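The values are calculated or read from the model by the stated rules, or taken from the named source; none is laboratory data. These numbers were taken from a predicted model, which means no experiment stands behind them. Neighbour counts run over all protein chains shown; Cβ positions are idealised from the backbone, glycine included. Side chains included, ligands, DNA and RNA excluded: accessible areas come from the protein's heavy atoms. Shrake-Rupley method; radii C 1.70, N 1.55, O 1.52, S 1.80 Å.
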Amino acid sequence: MRIPIYSAALAAALSFAAPAQAEVVEQEADAFVTKDSVTVKATARETWLKLISPGEWWNSSHTFSGDAANMMLTPQAGGCFCERIPANDSASKIGLAGSVEHMTVLLSIPDTALRMRGSLGPLQSEPVTGILTVTMAESDEGTTVTFEYAVGGYMRFDVPVIAKAVDAVVSQQLSGLSKQLEPITSIEGSTEEGPDEAAPKAEPEEPASASDTDVTGEDAEAKEKEDKVSVEDAFGDFDLGDQ
């Protein structure tokens, strides 16, 4: 059984330009923070109830099982934002069900805030810590929902590349949530269409001239790139065979 984990979705995410209401707000050598906001025509209570039902709005492309209906969330401290992987029976054997822990709930204040710890997508294979904080602020026009995801620690990726990819994916999930609640504002660039629908790509950087660098600098840069894992490779597939 082949379980898709993010490969096609990453290709689409990397092709989007930075959304107007979604951005990488902080970035260091081994850390980054993304922040995404949207306002919906719903009360804070309606928003909260939808938030804790991820199977209704999470994008199936960003699951191990290939179906968002397998996502579940227990909104209490220590609760699990988890995914069921259904058993896959074959003619030769009875399949066994699996599961994935995406995040663990740290704080749950209904109608106000949800905070979880976990490394989403390809970050799960890295020794990093990710904290996702979801806040809700009610106003006369509706409720503004904000996703802030702070990631820090050693990772085998070029941080500027993975930060933009993760931000695009997180904003896509927030967009999916908002569509269930009549969005007033939208997160540009977070649609679910493929690369052909994406905004124009940034122009390539001008190559450095010989005077801009020396042999030592080039060797160091080449060595650093060798040590990094391609983000595209990290979003590969698990081939689990017949479970």
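Things worth noting here:
- Environment charge of residue 41, counting only residues whose C-beta is closer than 11 Å and scoring Lys/Arg +1, Asp/Glu -1: -3
- With all protein chains kept in place, the per residue accessible area of segment 63-165 amounts to 46 square angstrom at a probe of 1.4 angstrom.
- Efficiency of FRET from Cβ geometry, residue 140 and residue 90, R₀ 45 Å, rounded to 0.05: 0.20
- Extension gain from residue 53 to residue 104, taking 0.36 nm per residue of separation minus the Cα-Cα distance: 16.9 nm
- Net length gained if the chain between residue 30 and residue 131 were fully extended (0.36 nm per residue, minus Cα distance): 34.9 nm
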